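Below: the structure, in structure tokens.
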Amino acid sequence: MPESPIRKLVPYAEEAQKKGKNIYYLNIGQPDIKTPQVALDAIKNTTIETLAYSRSEGAESYRIKISDYYKRNSIVVSHNDIIVTTGGSEALLFAFGSIMDEGDEIIIPEPFYANYNGFSTASGVKVVPVISKIEDNFALPPIEEFEKLITAKTKAILICNPGNPTGYLYSKEEIKQLADIVKKHDLFLIADEVYREFVYDGVDHYSILQEPGLEEHAIIIDSVSKRYSMCGARIGYLVSKNTEFIKTALKFAQARLSPPTLAQIASEAALDTPQSYFDDVKEEYVKRRNTLIEGLEKIEGVKVAKPNGAFYCIAELPVKNSDHFAKWLLESFDYNNDTVMVAPAAGFYSTPGVGLNQIRIAYVLNNESLKTAVKILEEALKVYKD
Ligand SMILES: Cc1ncc(COP(=O)(O)O)c(C=O)c1O
């Protein structure tokens, strides 16, 4: 199993903290946003006497409310098209297990969410990457690049929309290109849409299940983790109109018995979160993104792709090896006793040697902290020698 590029530097951070350094954590997508009160109240006010298993596919009342949520987002699915999982993570694992055998291949534009590598390894599946470039803002690579890579073993294309770690939001046109190719070669199109609400600059999110004719091919990975800042609830879901797929995924769900019962109660209540919550969150993230991107663009030698969604960006630094730089930041550098923790981007690629001079930054800190963090990076790059 590959180690997580996001978590592997934790021991260095702990060591730095022991030495009394203050660390700004830009490495992990754990938002500092409060969980909606309706979700917290549902846990506090529960009258449950036995914390029993739920149904393997998730509580029916919850799945019906999820299907209403999708309808509000122009995605027409029934509760029978939904399986509740232990986070989007388990949804990914079930999807991989349900559609691929050992040795099968999945095409993924890189850089991609690093745990796709882990889930592929665990399922015995080979990741076939297509490189997207910082110069193009990480847009969808030309569709011919995908077509060239399709073999008899290819079972699916996986995208993350909007993207972690790129922040890129795929356009309707790009989704249509992907739809055409999966239909032509009879593949699945898996879209990880866990950041669906986090889209900026007035652009709309276009889901693969809004695309007509994709019903048999489309699998959505979803999660409450970021949407309601409920990462610890461990609730996600698989959504597909392909009944054969849902039937197979349900066997995986049955094997692990049930998704967490208490967290489903909180997540069901979270669906009543008022729109004003999302408006405030979005406004906050736009502010943070602007602060971060404007700050990074001012640093000499730094190149950055402006994200339209999620809360991450990839920055190219004037260093040879960002892995070394990230460790050095924790071990050997401080600016007024402060330092930053970033995620080296090479772990978000599966092509060896690519992304070595890039880092991923999660803008999950408040505006003032982000300003300080950017200043620390700037000062660090002035003195760092690789
Ligand atoms: C793109 C993406 N997909 C899936 C996940 C999994 O999240 P969870 O298992 O908390 O739902 C994450 C978490 O950071 C993510 O960034």
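The values are calculated or read from the model by the stated rules, or taken from the named source; none is laboratory data. None of the values given here were measured: they were computed from a predicted structure. No Cβ is skipped: glycine too gets one built from the backbone with ideal geometry, and neighbour counts run over all protein chains shown.
Among (1) more than 22 Å from the chain's Cα centre (by Cα); (2) in contact (Cβ under 8 Å) with a residue 24 or more places away in the chain, which single condition is LYS184 missing?
Failed condition: (2).
Scan the range 261-298 residue by residue and report those that are under 23 Å from ALA95 (Cβ atoms) and touching a strand residue (DSSP E or B) at 6+ places or on another chain (Cβ under 9 Å).
GLN264, SER267
Here are the criteria: (1) buried (at least 19 other Cβ atoms within 10 Å of the Cβ); (2) within 16 Å of the ligand (Cβ to nearest atom); (3) not in a loop (DSSP other than H, G, I, E, B). Tell me which single one LEU169 does not satisfy.
(3)
Looking only at the range 292-309, which residues are surrounded by 15 or more Cβ atoms within 10 Å (Cβ to Cβ) and farther than 18 Å from TYR168 by Cα?
GLY295, ILE299, VAL302
Identify, from the list GLU144, GLU90, the residue that is in contact with a strand residue (DSSP E or B) (Cβ under 9 Å, 6 or more places away or on another chain), not basic (Lys, Arg) and not assigned by TED's automatic domain parsing to the domain that holds ALA315.
GLU90
Just to verify a result, which residue in the range 127-141, among those that are in contact (Cβ under 8 Å) with a residue 40 or more places away in the chain and not hydrophobic (A, V, I, L, M, F, W, C), is nearest to GLU174 (Cα to Cα)?
Among those that are in contact (Cβ under 8 Å) with a residue 40 or more places away in the chain and not hydrophobic (A, V, I, L, M, F, W, C), it is ASN137.
Answer with yes or no whether SER89 is modelled with pLDDT of 95 or more, in a helix (DSSP H, G or I), among the polar types (S, T, N, Q) and within 16 Å of the ligand (Cβ to nearest atom).
It is true that SER89 is modelled with pLDDT of 95 or more, in a helix (DSSP H, G or I), among the polar types (S, T, N, Q) and within 16 Å of the ligand (Cβ to nearest atom).
From GLY20, GLY29, GLY58, which residue is surrounded by 19 or more Cβ atoms within 10 Å (Cβ to Cβ) and assigned by TED's automatic domain parsing to the domain that holds PHE333?
GLY29
Let's see how each residue does on (1) surrounded by fewer than 18 Cβ atoms within 10 Å (Cβ to Cβ); (2) under 19 Å from the mean Cα position of the chain (by Cα); (3) of a type in the set (Asp, Glu); (4) at pLDDT 95 or above:
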{"site": "PHE198", "(1), (2), (3), (4)": "no, yes, no, yes"}
{"site": "ASP201", "(1), (2), (3), (4)": "yes, no, yes, no"}
{"site": "ASP204", "(1), (2), (3), (4)": "yes, yes, yes, no"}
{"site": "LEU209", "(1), (2), (3), (4)": "no, yes, no, yes"}
{"site": "GLU216", "(1), (2), (3), (4)": "yes, no, yes, yes"}
{"site": "ILE220", "(1), (2), (3), (4)": "no, yes, no, yes"}
{"site": "MET230", "(1), (2), (3), (4)": "no, yes, no, yes"}
{"site": "ARG234", "(1), (2), (3), (4)": "no, yes, no, yes"}
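Give all pairs with beta carbons closer than 9 Å in which a residue from the range 46-60 that is part of a helix (DSSP H, G or I) meets a residue that is at pLDDT 95 or above and not hydroxyl-bearing (Ser, Thr, Tyr); count only pairs at least 6 apart in sequence or on separate chains.
GLU60/HIS79
When residues of the range 219-257 are filtered for being touching a helix residue (DSSP H, G or I) at 6+ places or on another chain (Cβ under 9 Å), among the polar types (S, T, N, Q), farther than 21 Å from VAL76 by Cα and away from the ligand (no atom under 16 Å from the Cβ), how many remain?
The total comes to 1.
Please count how many residues of the range 316-342 are under 26 Å from the mean Cα position of the chain (by Cα) and assigned to a helix (DSSP H, G or I).
Count: 8.
Give the residues of the range 291-315 that are assigned to a strand (DSSP E or B), of a type outside the set (Ser, Thr, Tyr) and within 17 Å of VAL199 (Cβ to Cβ), sorted by residue number.
Scanning the range 291-315 gives GLY309, CYS313.
May I ask you to verify whether GLY103 is touching a Gly at 6+ places or on another chain (Cβ under 7 Å), closer than 28 Å to LEU140 by Cβ and not in a helix (DSSP H, G or I)?
Yes.
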